[in-house]
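To keep things clear, I will list the structure first and then write my remarks on it.
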Amino acid sequence: MWWPSSLLGARFRQLQGTWIGTFSGYDTYGYKSGKQKLVITKAKGSNASGTYTYKFQFPAKGKWSKPQPMNLSIFDQEEAANGMVDYISGADELGMYTGKYDKADDSLIFSYISRSQNVLVLTFNLKRKS
């Protein structure tokens, strides 16, 4: 179902804030996992921007990366049994996001694909920081 951008934008403002969780997946060198933080700071219409940081936990523990810019866009919504689900796409300088916000459990779930030659593909599972 298509939703007017004014309604989508109102939904994105509700997503502003800090989201923390985990990531895991593979690249050509093997399995990767760690922690991910997205901070959504601006929202207008169906678009938002903010920053992301991460730190690896496997194959070796690392430090938090410097915050880097990212942009997101709600491209669709649908009504589910427990409320609305927003479908979101986005990008940063290294890759692209596709996923959803599930209002029922206040979570963001993304599939992430890098543009680099090491073919990094990750899944992010994020919850709002309280």
Gain in span if fully extended, SER65 to LYS44, counting 0.36 nm per residue against the direct Cα distance: 4.9 nm
Net charge of neighbours whose Cβ lies under 12 Å from the Cβ of LEU94, counting Lys and Arg as +1 and Asp and Glu as -1: -2
R0 of 35 Å, Cβ-Cβ distance LEU94-GLN14: FRET efficiency to nearest 0.05: 0.85
Alpha-carbon centroids, region 30-58 and region 59-82: separation in whole Å: 4
Sorted by Cβ neighbour density within 10 Å, fewest at the top, the residues LYS66, LYS32: LYS66, LYS32
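Using Cβ counts within 10 Å as a stand-in for footprinting exposure, how do ILE40, ILE88, ILE113 rank, fewest first?
ILE113, ILE40, ILE88
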Listed candidates (i) 2, 9, 14, 17, 17, 15, 12, 7, 4, 2, 1, 1, 0; (ii) 2, 11, 20, 25, 19, 12, 7, 3, 1, 0; (iii) 2, 10, 17, 21, 19, 13, 9, 6, 3, 0 - label of the one calculated as P(r) over Cα pairs in 5 Å bins from 0, in percent: (ii)
Burial ordering of TYR29, TYR97, fewest other beta-carbon atoms within 10 Å first: TYR29, TYR97
Whole-number percent relative contact order across region 5-128, with pairs defined as alpha carbons under 8 Å at least 6 apart: 23
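Every read-out reported here was derived from the displayed coordinates using simple, explicitly stated rules and does not represent laboratory data. Note that the structure is a prediction, hence the values are computed from the model and not measured. Cβ sites come from the backbone with ideal geometry, for glycine too, and all protein chains shown count toward neighbours.
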